[in-house]
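Inspection log for the structure reproduced underneath, given as structure tokens.
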Amino acid sequence: MRERVKKYYDGFSEEEWGRLLRDPVGELELITTKKFIKKYLPKRSICILDIGGGPGRYAFDMANSGHKVILADLSTGNIRKAQNLLKRQSKRIKSNIQEIAEADITNLKMWRDGAFDSTLCLGGVISHLLDKKDRVLAIKELKRVTKKGGYIFISIIGRLAVLKQEIYVKALEEIKDPNFMKVVTEEDYDGSLGFTACHFFLKDEFNGLLEENGLKVVEMVGLEGLNSFLKKESMAVYGDKKAWANILKAHEIYCTHPSVVDTSDHILAVCKNA
């Protein structure tokens with residue numbers, strides 16, 4: 001199943017680079033993630049690992065902020081895309097990207113204990129680990145390579161948003177497929193109906209995975225919030241500056257509300273390595 005995920009992203013690197021700028025909902029995921037990272041990270045330069053960082057959207061942003069960043073990903077396609085994109089970045093970003101490496105989040109043996117001041121694991125990397133033992137391994141590895149007291153930022157794909165979207169778009173054939181009920185009953189999706197293999201989380205399940213493996217959850221955020229899965233509707237509002245400004249204000253107020261977190265497309269956990 002790991003190979004299926006790798007193969008998917010090997011052929012999806014171009015789309016992944018543009019995914020967060022393609023529509024207003026993706027943009028919400030991007031700006032909200034960046035906001036909460038910058039809320040907790042110091043302004044001084046620190047060393048960051050961006051594991052599962054794809055073609056480098058967040059890694060380049062962190063490098064532009066002055067941090068020293070290692071970008072790592074399982075997908076060869078994403079790594080090649082990141083390397084090509086880096087050539088077109090500013091001198092500041094180029095100098096602060098320390099390495100672009102191929103790595104599996106369940107085994108970060110190439111880095112010593114406490115090698116990084118902070119770690120990013122964004123975009124649903126943990127969701128692509130179907131075996132719970134692998135998810136535990138991944139959290140333990142994130143904890144191990146991050147310094148004590150350092151912040152770890154992890155986002156996953158929410159289960160309720162996936163189920164609501166299926167109903168909203170009237171995906172009748174997918175709803176009748178056994179995979180739909182597997183998602184409902186907490187089992188994993190094998191990727192046979194599109195996208196790729198995935199485990200979709202409830203907020204409390206995600207929180208438990210983190211806390212049970214030694215991380216202190218400081219804050220949880222619904223990255224797309226009230227706009228989750230409403231791409232067409234959000235686009236209609238996006239064209240009106242005043243209306244969209246009010247949507248952003250509502251998002252800022254409610255993105256950490258427990259109900260909004262649990263129904264968001266992506267859920268971000270801000271964790272401290274206790």
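Condition first: assigned to a helix (DSSP H, G or I) and either β-branched (Val, Ile, Thr) or over 11 Å from the mean Cα position of the chain (by Cα) (or both). Now tell me which residues in the range 21-33 satisfy that. Those that are assigned to a helix (DSSP H, G or I) and either β-branched (Val, Ile, Thr) or over 11 Å from the mean Cα position of the chain (by Cα) (or both): LEU21, PRO24, VAL25, GLY26, GLU27, LEU28, ILE31, THR32, THR33. Of note, ILE139 does not satisfy the criterion of being under 20 Å from the mean Cα position of the chain (by Cα), within 16 Å of LEU71 (Cα to Cα) and not small (Gly, Ala, Ser).
Selection of the range 132-152 for residues being among the β-branched types (Val, Ile, Thr) and surrounded by fewer than 21 Cβ atoms within 10 Å (Cβ to Cβ) yields only VAL136.
Here's the yes/no breakdown for (1) in contact with a Lys or Arg (Cβ under 8 Å, 6 or more places away or on another chain); (2) among the hydroxyl-bearing types (Ser, Thr, Tyr); (3) in contact (Cβ under 8 Å) with a residue 12 or more places away in the chain; (4) surrounded by fewer than 23 Cβ atoms within 10 Å (Cβ to Cβ):
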site: GLU29; (1), (2), (3), (4): no, no, yes, no
site: ILE37; (1), (2), (3), (4): no, no, yes, yes
site: LEU71; (1), (2), (3), (4): no, no, yes, no
site: ARG88; (1), (2), (3), (4): no, no, no, yes
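When you go through SER192, SER234 one by one, which is the residue that is farther than 22 Å from LEU122 by Cα, small (Gly, Ala, Ser) and either surrounded by 15 or more Cβ atoms within 10 Å (Cβ to Cβ) or in contact (Cβ under 8 Å) with a residue 40 or more places away in the chain (or both)? Selected residue: SER234, the only one of SER192, SER234 that is farther than 22 Å from LEU122 by Cα, small (Gly, Ala, Ser) and either surrounded by 15 or more Cβ atoms within 10 Å (Cβ to Cβ) or in contact (Cβ under 8 Å) with a residue 40 or more places away in the chain (or both). Beta carbons closer than 7 Å, at least 6 apart along the sequence or on distinct chains, pair a first residue in the range 167-178 that is touching a residue at least 24 places away in the same chain (Cβ under 8 Å) with a second that is surrounded by 10 or more Cβ atoms within 10 Å (Cβ to Cβ) and not polar (S, T, N, Q) for TYR168/PHE229.
Scanning the range 133-159 for residues that are closer than 24 Å to TYR189 by Cα and either modelled with pLDDT under 95 or among the β-branched types (Val, Ile, Thr) (or both) turns up VAL136, ILE139, ILE154, ILE156, ILE157, ARG159.
The lone criterion from (1) surrounded by fewer than 21 Cβ atoms within 10 Å (Cβ to Cβ); (2) within 16 Å of GLY124 (Cβ to Cβ); (3) in contact with a strand residue (DSSP E or B) (Cβ under 9 Å, 6 or more places away or on another chain); (4) not basic (Lys, Arg) left unmet by SER45 is number (2).
Counted as qualifying within the range 153-195 are the helices (runs of 4 or more DSSP H) with 1 or more residues that are closer than 19 Å to ILE267 by Cα, namely 159-168, 178-184.
For (1) within 29 Å of GLY149 (Cα to Cα); (2) not in a helix (DSSP H, G or I), each residue gets a yes or a no:
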site: ASN207; (1), (2): yes, no
site: VAL217; (1), (2): yes, yes
site: VAL221; (1), (2): yes, yes
site: VAL237; (1), (2): no, no
site: LEU248; (1), (2): no, no
site: SER259; (1), (2): yes, no
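Considering only residues that are more than 22 Å from GLY123 (Cβ to Cβ) and among the hydrophobic types (A, V, I, L, M, F, W, C), look in the range 178-189 and name the one that is surrounded by the fewest Cβ atoms within 10 Å (Cβ to Cβ). This residue is MET181.
Please go through the range 196-205 and give me each residue that is under 18 Å from ARG2 (Cβ atoms) and either outside any loop (DSSP other than H, G, I, E, B) or among the polar types (S, T, N, Q) (or both), ordered by number.
First pass over the range 196-205, keeping only residues under 18 Å from ARG2 (Cβ atoms): 196-200.
Of everything in the range 196-205, those that are under 18 Å from ARG2 (Cβ atoms) and either outside any loop (DSSP other than H, G, I, E, B) or among the polar types (S, T, N, Q) (or both) turn out to be THR196, CYS198.
The single condition among (1) buried (at least 19 other Cβ atoms within 10 Å of the Cβ); (2) at pLDDT below 95 that GLY18 does not satisfy is (1).
Do we have ASP113 as more than 24 Å from LEU202 (Cα to Cα) and either touching a residue at least 40 places away in the same chain (Cβ under 8 Å) or among the hydroxyl-bearing types (Ser, Thr, Tyr) (or both) here? For ASP113, the condition - more than 24 Å from LEU202 (Cα to Cα) and either touching a residue at least 40 places away in the same chain (Cβ under 8 Å) or among the hydroxyl-bearing types (Ser, Thr, Tyr) (or both) - is not met.
Cβ separations smaller than 7 Å between residues 6+ apart or across chains give the following pairs from the range 150-166 residues that are more than 28 Å from GLU233 (Cβ to Cβ) to residues that are among the basic types (Lys, Arg): TYR151/LYS272.
The values are calculated or read from the model by the stated rules, or taken from the named source; none is laboratory data. Not measured: the values here are computed from a predicted model. Note that we place each Cβ from the backbone using ideal geometry, even for glycine, and neighbour counts take in every protein chain shown.
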